[in-house]
1. Can you list, bin by bin at 5 Å, the percent of alpha carbon pairs in region A:1-136, starting at 0?
2. Could you list the GluC sites (Glu not before Pro) in region B:118-195 that lie in coil according to DSSP, counting only those with at most 12 other Cβ atoms within 10 Å of their Cβ?
3. Compute the separation of the alpha-carbon centres of region B:61-92 and region A:257-309 and state it in Å as a whole number.
4. Once you sort the root eigenvalues of the Cα gyration tensor of region A:104-182 as a ≥ b ≥ c, which label holds: rounded (a/c under 1.5), prolate (a/b larger than b/c) or oblate (the other case)?
5. In Å², rounded to the nearest 100, what is the total accessible surface buried by chains B and A against each other with a 1.4 Å probe?
6. Keeping the other protein chains in place, figure out the carbon and sulfur percent of the accessible area of region B:6-181, with a 1.4 Å probe.
7. Step through the table entries A:30/A:138; A:220/A:325; A:233/A:325; A:30/A:106; A:30/B:202; B:202/B:445, compare each Cα-Cα distance with 19 Å, and write down the pairs that go over it.
8. Kindly identify residues of region A:2-39 having a loss of at least 20 Å² in accessible area between the isolated chain and the assembly of all protein chains, probe radius 1.4 Å.
Amino acid sequence: MPTRLIIRLAVLAAILAALQVALGLVSGYKDTPTPVRLCDQYLAEGRPILYLGESTLYTVDPREADRAPINEMLQRLLPQYRVGCIAHDAYHLELYEAFCRYVVRKPNPPRVVIVPINLGTVSPYWDCRPAYQFERIKLFLRHDNRWFRTFYRPLAAFRAFNLTPISEREYNRTLVLDGDVPVGAIQEFTDAKYATCTDENTRDQLILRYMYRAPADHAKVIAAVHIARELRKAGVCAVIYFTPIDYQTGEQYLGERFTARIRENVQTFRDALRAEDVDLLDLSLVLDPSKFHWGSMYPNEHLNEQGRLFVAERLAEAVRARLEKTP
Amino acid sequence: MQFNSIEFLVFFAVVVALYFALPFRARWLLLLIASYYFYMAWEPLYALLIVASTLVDYLAVLWMAHEPEKTGRRKCLIMSLVANLGLLFTFKYFDFFAAWSNRAFGWLHVPVDIPLLDVLLPVGISFYTFQTLSYTIEVYRGHQQPERHLGRFALYVAFFPQLVAGPIERSVNLLPQLNREHAFDYGRVRDGLIRMLWGLLKKVVVADRLAVFVNHVYGAPERYPGPILVLGTVFFAFQIYCDFSGYSDIAIGAARVMGIDLIQNFRRPYGARSIPEFWRRWHISLSTWFRDYVYLPLGGRHVALGRWFSNILIVFVVSGLWHGANWTFVVWGALHGSYYIAGYLLKGVRARLARDTGLEHRPRVIDALRLVTTFLLVCLAWVFFRAESVSQAVYILTHFPSHWGHLTAYGGFARILTSMDLSVRAFVATVLPLIVLLTVEHIGKDTSIEELVGRRPVWMRWAFYVVAGFAVMNLGVPEEIPFVYFQF
């Protein structure tokens, strides 16, 4: 009797699997995330420059005359090369690493990959945020084959993947550190009182976002090292830069220790990347407050037109220098 | 371990294979180990609470069996009640009462600050404590013989299909079945699997898809106009039904595969034409629990009218509180109690109205009106059940009438959907399975899905397996949406 059941279940499984394969072929693997499709498109077009980034690229002041994001400004400065850009509000180094590993596996990777290091992303506020983990995209980048794309949805429907490695509860309880000193949990820094901007609240928000001391074994530092290593091994030039930070405003609220912490974290990345022989473009402490446009009430890394143009020009120089070095 | 996970599918297949391969005398041990493994997949330490609850009731009942006097037996019952309800209070309600006490002390300027425990709520604690309590009460009442086999009793408390979200079983139903041998029966196994597939369909294809819309609306109700708030609430009514009844279907189906019949937990609740009827169709294992162990001991209906009304209110408020330590659940329960009483008080008015309007000769119209009214009342109460706080629920209710006819001010319906990361196509894919499900339930009336499918020709049965299986595989939401009743 059980044999009859097993045979019927096996037949049903085979029919469902066949239908799933047919659906994948007909629908063109529609579960593939848009950024991965975009990356495939750039690779197919043979774009020589791939610019990975986050909101500092495209957040603009609506009153500006030129509201072009940095990647478009860069394209204007380098008209002879086509720039492909993959960016999202909250992308970070671990996701860039997944993209870099993905493109170097392809037969026609880009010649240059531009990767920003936003020091805000190392803080637990960003690093541990459940919505900023992008596990689905990482999965598709890691499992680069048709079988995965075909069976992703049924597997996801049956929880084969942990798409939320950190829960909101864990995140809210994560410690906020000022250097190595715990100053509270994230939920205390994100509660309703921060809807009102006061000096004290601004100080707290700057601590939350920037005052964390990144250790050498921080996931984002390790990801930066892997990016440099993987790109070097594949013969792809890496342009890695630290995004500008409104350090003068930071100093205004927290004193010189704000800038000291930025320098310290930059140095941690530098030390980790030294062995990888990569030129780092440090723009972290080069812009004054007039080049920023926070957008929200608390200081952040978003730039105005002048700020974005400054970054685009520095990147254009770096890209040109690298492309001229390589055939 | 979620029912809709590969982990569970593998676990279940292995357990069923071993269950039928092992001799009867070893099966209880297999199921007990499997049940604890199933539970410990969440939080291993909390299995100790089930062990504690099991031992307390096992010993209380053995002691009870040796007590010739009623007072002695009552002591055992009280011991069980204190232990189980104490466990429930500590893990589920302590922080709620402590926080409100601290607030009250603050208002009174009394310098007392009760520290909060801030512990993770053990999954299923409300279900298994009620299940063990029912056993002790039944033995106390003389309706149930004490179970002397500790292993079988432990299995009754922890039986994995219904451990974390019910149905809350009665010992008179489940214990004898655990003591009986069940041979492999192809028809039963097939029926069980059909029921599981149907439950998965309800959960994965309907409830989870509706949850995306509902979570957006209730996550930030101030962003949406009245019609969307109404739609979100109606969707929640179906989400919670499909989610919870889906879980019950999987539990009932899984048990049936092993030859065990669990009690039915839902009977098309939105087909009810009154609030009392709704409660005879919704979460039946809980409503009958409250009826037998709270409502009837309070005197039921055989008391003065005022006392009867207060009994009804007590039962519904306690039932609300059972769902969670939040005022929203208390209001939800109180609302249902008020509906119940109002329905009774307005009986004469409704009959007169039907007579005066001539509707009394049109029973179908009356039925339809009663069905719609009951559904709307239930939906209004769901607002409190789903909202984060009473103030949010009040906000939603007071904004139901706002911006009707002004959807364009929000950029139109398609724009609103886009803001939820949904497309019109995804919305249709959300509503269509719901319509199909309700149609099938309507056609089937009170016939179970396994009977409905099982008596069809082979090709129809296989069409059902393939379509339902393919829908579960492809129409689900990749993000994890836990079963709503896990939090209780």
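The values are calculated or read from the model by the stated rules, or taken from the named source; none is laboratory data. If you're wondering where the values come from, they're calculated on a predicted model, not measured in any experiment. In this analysis, Cβ positions are derived from the backbone assuming ideal geometry, glycine residues included, and neighbour counts consider all displayed protein chains. The protein model used for the area step is the full one, side chains on, heavy atoms only, and it has no ligands, DNA or RNA in it. Shrake-Rupley method; radii C 1.70, N 1.55, O 1.52, S 1.80 Å.
1. 2, 8, 14, 15, 15, 12, 10, 6, 5, 4, 3, 2, 1, 1, 0, 0
2. Hits after loop and neighbour filter: B:181.
3. Their Cα centres are 66 Å away from one another.
4. The shape class here is oblate.
5. 2600
6. Ligands and nucleic acids excluded, carbon and sulfur give 68 percent.
7. A:220/A:325; A:30/A:106; A:30/B:202
8. Residues meeting the cut-off: A:2, A:4, A:5, A:8, A:12, A:15, A:16, A:19, A:20, A:23.
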